[in-house]
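**Student:** Below is a structure I'd like to ask you about.
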Amino acid sequence: MSTSILLRRISTLAGILPEGVLRLKGHEMSEFKHLSNAYLLLEGGMIVQFGPDQECQVERADAVIDCSGKMVLPAFCDSHTHLVFAAWRENEFVDRIKGMSYEEIAKRGGGILNSAAKLQAASEDQLFELASERLHEVMSMGTGAIEIKSGYGLTVESELKMLRVIRRIKDLNLIPVKATFLGAHAMPTLFKSNRPEYIRLLTEEMVPQIAEKGLADYIDVFCDKGFYTVEETDQILEAGARYGLKPKIHANELDYSGGIQVGVKHQAVSVDHLEYTGPEEIASLASSDTIATILPSTAFFLGLPYAPARNMIENNICVALASDYNPGSSPSGNMSFILSLACVKLKMLPEEAFNALTINGAAALELGDKVGSITASKSANILITKPVSSLAYLPYSFGAGWIEKVIIGGKEI
Ligand code: NIG
Ligand code: FE
């Protein structure tokens, strides 16, 4: 028989959505619907029912949790991470403190190429161990669904190795995992003077093999100044489309790269980063179903300008927030910190930020029907807070750790 957990006397049960609402756009994001003094029943890994506590007629449950004074929320959906990597890069962090820029470090062979050299030398088992530790770490901080990219392989063999590690992480069945092929993350040194040959390798060797083995759900390109051009991105996304890989791309982190427009042209599920977003980019996003995924911890960590979240919301765009967890530009997968950054730096309201971290993150994973809200028949992925006074207290109390318990698939983490 399946296990059941009954939560009683929940001070505020928030993030409630009716079945069938798979994402929220623009001003819809300002409502994070809630119920005061509620109960919630989880059974067989799913949300089964909820309502006002005084109407609770559940007669038995394997566990009953008293949530007096506490809030219950949907777990976070982190739609952009680079969770598989071989080593941290804190030496580059120190170089940046001393004045070097992220791009200068990349130009001298550091950055992504540094991570690629280390990943190429690591075994599949080592990478799996490291990545599963990180997965447990982020789950304990409230992440209940995740996307993981390749992109530190940069050879046919190592990109496949990375994607097999992601497959093994998926097969742990701890949380829903989506895999993205990011062979076009940086240009390997070997191909610096023969870029078309690497693009050929990507489009004619990597993409077909990855698709044939079913190793990726999406395709990504780092379309930005000093990395991949719009023309190259176009070619790579076209190859992905031939093999059924939808785009989710890195765009406009370092400049007005044209990345947003080329992503929209290819009907990308999301375009991510978006620090450099002007009126043309806004118009392009507003005319599409492409989700604008903002990664504020990268702007924080690299000292970049923040993406214009308010402008996006005013223009009725669907905005998601994600961690970008990686060793170079965002060495943390802590979504509570993203929540605080979104409010403090992007000027998002707490309700907007929560929707961006939950239902819109789920939409950016194409899992809006399975996770990301308190909805009957969705996965029992929830956060129970410590006793708190309001939703706004959560982003306000940055760094303090307001999560008391994480329940994923109906099990306490
Ligand atoms: O999302 N922008 C491109 N890729 C990563 C950084 C990767 C790295 O520095 O290792 C990002 O920020
Ligand atoms: Fe990234």
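The values are calculated or read from the model by the stated rules, or taken from the named source; none is laboratory data. Remember, predicted model here, so these are calculated numbers, not experimental data. Positions of Cβ are generated from backbone atoms using ideal geometry, with glycine treated the same way; all protein chains shown enter the neighbour counts. For accessibility, only protein heavy atoms count, side chains too; no ligands or nucleic acids. Shrake-Rupley method; radii C 1.70, N 1.55, O 1.52, S 1.80 Å.
**Student:** Take the residues of region 309-324 that are part of a helix (DSSP H, G or I) and crowded, with 18+ Cβ neighbours inside 10 Å: which is farthest from ligand 1 (Cβ to nearest atom)? Walk me through how you get there before you give the answer.
**Tutor:** Residues of region 309-324 that are part of a helix (DSSP H, G or I), as a first pass: 309-314.
Applying the additional criterion that residues be crowded, with 18+ Cβ neighbours inside 10 Å yields 309, 312-313.
Working: 309: 17, 312: 19, 313: 22 Å.
Here the answer is 313.
**Student:** May I ask you to verify whether residue 186 is modelled with pLDDT under 95 and within 16 Å of ligand 2 (Cβ to nearest atom)?
**Tutor:** Spelling it out, it is not the case that residue 186 is modelled with pLDDT under 95 and within 16 Å of ligand 2 (Cβ to nearest atom).
**Student:** Return a yes/no flag: does region 292-308 have any residue that is more than 13 Å from ligand 1 (Cβ to nearest atom), under 12 Å from the mean Cα position of the chain (by Cα) and hydrophobic (A, V, I, L, M, F, W, C).
**Tutor:** Yes, region 292-308 contains at least one residue that is more than 13 Å from ligand 1 (Cβ to nearest atom), under 12 Å from the mean Cα position of the chain (by Cα) and hydrophobic (A, V, I, L, M, F, W, C).
**Student:** Please state which of the following conditions residue 226 fails to meet, knowing it meets all the rest: (1) without any contact (Cβ under 8 Å) to a residue 60 or more places away in the chain; (2) open to solvent by 30 Å² or more (accessible area, probe 1.4 Å).
**Tutor:** So the condition that residue 226 fails would be (1).
**Student:** Evaluate region 136-151: report whether one residue or more is open to solvent by 10 Å² or more (accessible area, probe 1.4 Å), assigned by TED's automatic domain parsing to the domain that holds residue 294, touching a Lys or Arg at 6+ places or on another chain (Cβ under 9 Å) and of a type outside the set (S, T, N, Q). Before the answer, list the steps.
**Tutor:** Taking region 136-151 and keeping what is open to solvent by 10 Å² or more (accessible area, probe 1.4 Å), we get 136-137, 140-141.
Of the ones still in play, those that are also assigned by TED's automatic domain parsing to the domain that holds residue 294 are 136-137, 140-141.
Now restrict to residues that are touching a Lys or Arg at 6+ places or on another chain (Cβ under 9 Å): none.
Looking for residues that are open to solvent by 10 Å² or more (accessible area, probe 1.4 Å), assigned by TED's automatic domain parsing to the domain that holds residue 294, touching a Lys or Arg at 6+ places or on another chain (Cβ under 9 Å) and of a type outside the set (S, T, N, Q), one finds none in region 136-151, hence no.
**Student:** For region 227-236, enumerate the residues that are in a loop (DSSP other than H, G, I, E, B) and either touching a strand residue (DSSP E or B) at 6+ places or on another chain (Cβ under 7 Å) or away from ligand 2 (no atom under 15 Å from the Cβ) (or both). Outline the logic, then answer.
**Tutor:** To start, the set of residues in region 227-236 that are in a loop (DSSP other than H, G, I, E, B) comprises 227, 229.
Within region 227-236, 229 is the sole residue that qualifies.
**Student:** For region 8-43, how many residues meet the condition of being outside any strand (DSSP E or B), open to solvent by 60 Å² or more (accessible area, probe 1.4 Å) and over 16 Å from residue 372 (Cα atoms)?
**Tutor:** So the answer is 1.
**Student:** Also: All but one of (1) surrounded by 13 or more Cβ atoms within 10 Å (Cβ to Cβ); (2) of a type in the set (A, V, I, L, M); (3) under 30 Å from residue 225 (Cβ atoms) hold for residue 46, so report the exception by its number.
**Tutor:** (3)
**Student:** Would you pick out the residues in region 366-389 that are touching a residue at least 12 places away in the same chain (Cβ under 8 Å) and under 19 Å from residue 336 (Cα atoms)? Talk me through it step by step, then tell me what you get.
**Tutor:** Narrowing region 366-389 to residues touching a residue at least 12 places away in the same chain (Cβ under 8 Å): 366-388.
Selection gives 371, 372, 373, 374, 381, 382, 383, 384, 385, 386, 387, 388.
**Student:** While we're here: Go through region 344-379 and report how many residues are under 16 Å from the mean Cα position of the chain (by Cα) and not acidic (Asp, Glu).
**Tutor:** Residues flagged as under 16 Å from the mean Cα position of the chain (by Cα) and not acidic (Asp, Glu) within region 344-379 amount to 19.
**Student:** A further question follows. Could you say whether any residue in region 286-302 is surrounded by 21 or more Cβ atoms within 10 Å (Cβ to Cβ), more than 16 Å from ligand 2 (Cβ to nearest atom), touching a residue at least 24 places away in the same chain (Cβ under 8 Å) and in a loop (DSSP other than H, G, I, E, B)?
**Tutor:** In the first step, residues of region 286-302 are kept if they are surrounded by 21 or more Cβ atoms within 10 Å (Cβ to Cβ); the result is 290-299.
Pick out the ones that are also more than 16 Å from ligand 2 (Cβ to nearest atom) and you get 290.
The next check asks that each one be touching a residue at least 24 places away in the same chain (Cβ under 8 Å); those that pass are 290.
Right, trim to in a loop (DSSP other than H, G, I, E, B) and you get 290.
Checked region 286-302: at least one residue is surrounded by 21 or more Cβ atoms within 10 Å (Cβ to Cβ), more than 16 Å from ligand 2 (Cβ to nearest atom), touching a residue at least 24 places away in the same chain (Cβ under 8 Å) and in a loop (DSSP other than H, G, I, E, B).
**Student:** Restricting attention to region 353-405, which residues are assigned to a strand (DSSP E or B), open to solvent by 10 Å² or more (accessible area, probe 1.4 Å) and more than 29 Å from residue 316 (Cβ to Cβ)?
**Tutor:** In the first step, residues of region 353-405 are kept if they are assigned to a strand (DSSP E or B); the result is 374, 379, 382-387, 403-405.
Checking which are open to solvent by 10 Å² or more (accessible area, probe 1.4 Å) leaves us with 379, 386-387, 403-405.
If the condition is that a residue be assigned to a strand (DSSP E or B), open to solvent by 10 Å² or more (accessible area, probe 1.4 Å) and more than 29 Å from residue 316 (Cβ to Cβ), then 386, 387, 403, 404, 405 are the ones that fit.
**Student:** Can you tell which of 283, 268 is crowded, with 21+ Cβ neighbours inside 10 Å, free of Cβ contacts under 8 Å to residues at least 60 places away in the same chain and not in a strand (DSSP E or B)? Give the derivation first.
**Tutor:** Working: 283 fails: crowded, with 21+ Cβ neighbours inside 10 Å.
Result of the check over 283, 268: 268.
**Student:** Hey, another quick one. Report every pair of residues separated by at least 6 positions or lying on different chains whose Cβ atoms are under 6 Å apart, first residue within region 178-205 and touching a residue at least 12 places away in the same chain (Cβ under 8 Å) and open to solvent by less than 30 Å² (accessible area, probe 1.4 Å), second of a type in the set (Phe, Trp, Tyr) and outside any loop (DSSP other than H, G, I, E, B).
**Tutor:** If the second residue must be of a type in the set (Phe, Trp, Tyr) and outside any loop (DSSP other than H, G, I, E, B), the pairs left are 180/218; 184/228; 185/222.
For (1) under 30 Å from residue 371 (Cβ atoms); (2) among the aliphatic types (A, V, I, L, M); (3) in a loop (DSSP other than H, G, I, E, B), each residue gets a yes or a no:
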site: 88; (1), (2), (3): yes, no, yes
site: 91; (1), (2), (3): no, no, no
site: 125; (1), (2), (3): yes, no, no
site: 136; (1), (2), (3): yes, no, no
